[in-house]
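See below for the structure under consideration.
The values are calculated or read from the model by the stated rules, or taken from the named source; none is laboratory data. The model shown is predicted, which means the values in this text are computed figures rather than measured ones. Positions of Cβ are generated from backbone atoms using ideal geometry, with glycine treated the same way; all protein chains shown enter the neighbour counts.
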Amino acid sequence: MSGSVQILLDFIWVSAGLALVAFSLGLILGELKIVNIAQGDLMMVGAYSMYALRGLPFLVALLVTFVIGLLLGFVLERGVLRWVYDKGFMATLLATWGVGIVLEQGVATIFTVSQKGIDQPLKGFVTVGGVAYPEYRIVVVLGIVVLLAILLFLVYRSSLGLRLRASIDNVEMASMLGISPQRVFAMVFSLATALAVLAGALIAPTIAINPTLGLSFLAPAFFAVLISKQGSLAGPVAGAVAVEFIFTLLQAYLNITVAESILFGLLALFIVLKPQGISWSWKPAREKAS
Amino acid sequence: MARTDNMVHNPIIAAKTWRAFQVKILRREFGATGMLNSGRVIGLALFIAAALCPFYLSEFKVGLIGLGLTYGLFAVGLDLAWGRTGIISIGQAVFFGLGTYGVAVALVRHGTALVGGVIGVALAAILGAFTAAVGLRRVTNPSTMAVLTLAITLLAEKVARDWWSVTGGSSGLYVPPLTSTYSYYYTCFVATNCVVVLLWFFVLRRPLGNRLTAIRLNDRRAEHLGIPIFRERVVAFTLSAVISAIAGCLSAPWMSSVSPDRVGIVLSTQVLVWVAVGGRATLLGPFVGAVALTYGQDALASSMGNSYLLMLGVLFILSVLLVPNGIAGVFRTGPQLADTTPKGAAESHSPRPPDTGEVLTAAAIVKRFAGNTALDGADLRVEACEIVCLIGPNGAGKTTLLNILSGAIGCDAGTVTLRGERIDTAPPHRRVAAGLARTFQIPSLFPGLTVAEHLILARQEAGMAVPLPDAYARLERDYSGRRVEMLSLSDRRSLEIAMALCSQPAVLLLDEPAAGLARHEADALAKTLRTLRDQVGCAIVCVEHDMEIVRDLADRVICLHRGRVISEGTMDQVSANAEVRRAYLGLA
């Protein structure tokens, strides 16, 4: 009994983190049509930022890290991505790939490659269904759920979100209606970067921090995005939960590498059957014409 | 027949034929005047420098160059997919690593390296074909292939770490040291050159090579020229996996140990950098990038450590931003396509037997876009040699119907029959083979290619070189060396029609051929198209808004409105129809 509760809690914990990363990845893919390979490395930057700021109170460090993420995203969009939009899908993908290498090696140069760790701000345990589970993880899961709920609410119900979705749907048309693509692109990329950085920062106290930590999150996050319809923003969140659910199930019975291989096989099968991804039934209410 | 026998049995004639063949090849590769372009001069110089390097470099440095050469071949493999065909692969090291592990496992177990290598290459071919077949279908998003290849390389590294009994886990397999660096260097050198020469003569200078370039430049145009893009992409990716795996086999003896990073993401990254920096879609570029950076890494890594990789990352970003064609791209001046125009086929190929009766029928076509019904049971019948014009207000479904006829999109219900053959589920290239050709509303051509190269592609796909009708032969005569970006809009439209005509289609689909033309050009168009129909003997289905042209051009006019045919007949009959008038005035 307690074994399965433990597995369930772990599943919720990992899906929450992945959902945040997948959401930001889906945001970038949907709006900028860019496969951002650097997303895992952005998480890594978040973790290192928390490590560098470990002297500050946790929440302050988190806030500073989020701001660093916004700035980093802005700089990357203005400094690198903006110059390759018109060179096509491949050039943007490679540019983010280069950004990833630079981030990884830059961090390795500054902090060395040896593993780092930071303390969890909350050290208590909460007993859930007979299992003592770390208080910190539960608080973080709740935080991410609230954050994603707010973001999705904004995306589907606010005028800002309407502009965003209009721009995702058709950049040219949206720009005709006065939605500047440059501004939306810069805003979206900054926000998505900050969210990935935040995800890394939140996970940081629970893992060993090293320059390549982002890689292990990258593949599942992409799986989550790939199985949902392109341009959908709620899709990657649902996709993240689905991917982690299958992965948790497989891992309960199998060695982790075998589980990952099977997960990959399932993904390949999925792509053959549903090349455009699933349109999750979470449909927004019809907008009032205004 | 008798001549052929002579050639085989008479050694003197055979020698002469061989000589003539050599001259022909030299002419073709180096131009009739024997002029070399700058890229080839540098290539030759580097080739000689590499061939002689054991005479002027230390044994250690020769080993480094040897490893660099195998990395170069690895990069050539990636380039075949990425640089030539435009398929992204961010996990290419998997294929390389399969070759390396294949040889290493064989060596460690005292087996034959060749057997291990062959198994490794075979596995790479299977994995490559599988990945491409999953990720490169027409309906798949372009991001899919990126994710799949990334996932494979991450996964492969973990498998290599975990599968102790075969791969030796994290510490890897210790490969016995080479007995002679120099002799292995030459083995590597010769093997690498053999693969490159085979690639050059059997892929790149063949129709297949041209097809890959066409797919990279404009896949939609390529498939509407009759190129099976899915199949050719899978072939290209599989070949690229095989070449990378062969490079992996050759590299194994250079390494003291073969560890999981041989299949991992860092090596996959590095090979992308080599190709990007060296130059895509060239043979020299990948080698220059790989050898220079392998050599540089050894020289700098000890003093710079991690900053070397950091520098590499910055270099990569800069090369993507500033020199998208890489170092070799600066020098290359040769044409992008091989001349594969079928020779002498024009006479031997009998003209298509003239059609009679209905050549194209579309019945009860329904097409919905996310709940919006574009076509709602549209019908169309086209007789042989007939010119049918489709008219209708904006959003009537004219272009959608054309797209369904040509196979650019599928339909939700209904049938399309071409010369008695059901084609509604066939991909565009099959429909071209069955006798359909089309143009697009905005001319769809291959950016960067010349007029002559466009016609080479069209004729190669048609399998014959029929002379163009007078109105279009002009293009070939006057502008053959001109890139299509330099042509006027009307010439670009003419070129598209000329390409379509190369396949001697039974039905030619034109999407607004007069849009954007000057008045006098538009006036001439109707006459040109009618003459064309008489000369070629094909039916024409034409979407057109300009009623003057429709009146001059059409044998029969069909008016579409809200996805249905509302009127059909001569221009006067249709324009007199009350429903048509309502549709155009928006009163319906």
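For this structure, a couple of remarks:
- Condition check for residue B:530: assigned to a helix (DSSP H, G or I), free of Cβ contacts under 8 Å to residues at least 60 places away in the same chain and not small (Gly, Ala, Ser): no
- Count - residues of segment A:228-282 that are farther than 24 Å from residue A:24 by Cα, within 12 Å of chain B (Cβ to nearest Cβ) and either touching a residue at least 24 places away in the same chain (Cβ under 8 Å) or of a type in the set (Ser, Thr, Tyr) (or both): 2
- Unmet criterion (only one of (1) facing another protein chain (nearest Cβ under 7 Å); (2) of a type outside the set (A, V, I, L, M, F, W, C); (3) assigned to a helix (DSSP H, G or I); (4) under 17 Å from residue A:89 (Cβ atoms)) for residue B:149: (1)
- Annotation: residue B:585 fulfils all but one of (1) under 23 Å from residue B:534 (Cα atoms); (2) of a type in the set (A, V, I, L, M); (3) without any contact (Cβ under 8 Å) to a residue 24 or more places away in the chain; the unmet one is (1).
- Of all residues in segment A:36-95, exactly one satisfies the criterion of being among the aromatic types (Phe, Trp, Tyr) and surrounded by 21 or more Cβ atoms within 10 Å (Cβ to Cβ), namely A:48.
- Scanning segment A:1-44 for residues that are assigned to a helix (DSSP H, G or I), closer than 17 Å to residue A:95 by Cβ and within 14 Å of chain B (Cβ to nearest Cβ) returns A:25, A:28, A:29, A:31, A:32, A:39, A:40, A:41.
- Candidate set from segment A:65-98 (those that are over 19 Å from residue B:311 (Cα atoms) and assigned to a loop (DSSP other than H, G, I, E, B)); member that is modelled with the lowest pLDDT: A:88
- Close pairs (7 angstrom Cβ cut-off, 6 or more residues apart or separate chains): over 14 Å from residue B:313 (Cβ atoms) and more than 9 Å from chain B (Cβ to nearest Cβ) in segment A:105-118, aromatic (Phe, Trp, Tyr) and surrounded by 14 or more Cβ atoms within 10 Å (Cβ to Cβ) anywhere: A:111/A:48; A:116/A:51; A:118/A:51
- Lone unmet requirement of (1) more than 8 Å from chain A (Cβ to nearest Cβ); (2) surrounded by fewer than 20 Cβ atoms within 10 Å (Cβ to Cβ) for residue B:94: (2)
- Criterion applied to B:539, B:518 was being surrounded by 19 or more Cβ atoms within 10 Å (Cβ to Cβ) and either assigned by TED's automatic domain parsing to the domain that holds residue B:438 or among the aromatic types (Phe, Trp, Tyr) (or both), and the one residue passing it is B:539.
- The residues listed here are B:66, B:99, B:128, B:83; of these, the one that is within 11 Å of chain A (Cβ to nearest Cβ) and either surrounded by 24 or more Cβ atoms within 10 Å (Cβ to Cβ) or of a type in the set (Ser, Thr, Tyr) (or both) is B:83.
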